[in-house]
Amino acid sequence: MRGHRNWAGTSVIAVTLWLACGVAMSGCGRGKERAALATKLEQRIRSAAKTGEAFHLSEVTDFDWDTLHVFTPYVVAEEVRQSLGNDWSGARDIYESECLLVFVKEGRVVMDLEYPRMKGDFSAMKKYRFSRDEARFAAPKDGRPLTHAVDSP
């Protein structure tokens with residue numbers, strides 16, 4: 001009997017470890033996706049600043065989304081949840097040095113990105129919720145904050 005209990009305990013431990021590894025790997029995958037998105041966005045902002053052209057945020061995303069929420073410095077987690085209309089577990093206070101970009105599809109958060117303002121400052125927007133079609137931005141050549149490019153191409 002004792003050996004049987006150890007075997008059962010070992011199976012429980014093995015399954016638990018297997019599940020923990022799966023959860024950890026899925027978290028790492030999201031981290032890689034965020035890093036790739038941040039890199040693409042930084043490159044696109046630099047390119048737009050050099051040429052003076054506006055860009056659609058959809059140019060740098062490879063996932064499906066229908067709404068972008070931009071949360072600026074000093075917004076608190078409760079405001080994030082209220083704006084999204086749900087109790088998103090990723091909601092948090094936004095620090096001075098960053099903006100939080102939250103991509104939503106049919107009311108569900110599909111991606112979020114803490115984006116450093118020194119790489120592209122979204123904090124001067126007059127509007128903070130954009131449909132996929134509206135998410136078009138201009139990067140001034142002088143390094144000032146990004147602006148919403150309201151005129152369509």
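The values are calculated or read from the model by the stated rules, or taken from the named source; none is laboratory data. Model, not experiment: these values are computed from the prediction. Cβ coordinates were reconstructed from backbone atoms using ideal geometry, including for glycine residues, and neighbour counts include every protein chain displayed.
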query = Out of the residues in segment 135-153 that are free of Cβ contacts under 8 Å to residues at least 60 places away in the same chain and closer than 20 Å to W65 by Cα, which is surrounded by the most Cβ atoms within 10 Å (Cβ to Cβ)?
reply = H148
query = Looking at segment 80-132, which of its residues are among the charged types (D, E, K, R) and out of contact with any Asp or Glu (no Cβ under 7 Å at 6 or more places or on another chain)?
reply = D87, R92, D93, E96, R108, D112, D121, K126, K127, R129
task = Considering only segment 139-153, state which residues are part of a strand (DSSP E or B) and touching a helix residue (DSSP H, G or I) at 6+ places or on another chain (Cβ under 7 Å).
result = none
inquiry  = Report every pair of residues separated by at least 6 positions or lying on different chains whose Cβ atoms are under 7 Å apart, first residue within segment 29-40 and under 15 Å from L57 (Cβ atoms), second in a helix (DSSP H, G or I) and at pLDDT 95 or above.
reply    = L37/V60; K40/V60
query = Residue check: is K105 modelled with pLDDT of 95 or more, out of contact with any Cys (no Cβ under 9 Å at 6 or more places or on another chain) and within 16 Å of S83 (Cα to Cα)?
reply = yes
task = For segment 39-138, please list each of the strands (runs of 3 or more DSSP E) lying entirely inside it that holds at least 2 residues being in contact with a Leu (Cβ under 9 Å, 6 or more places away or on another chain).
result = 67-71, 98-105, 108-116, 129-131, 136-138
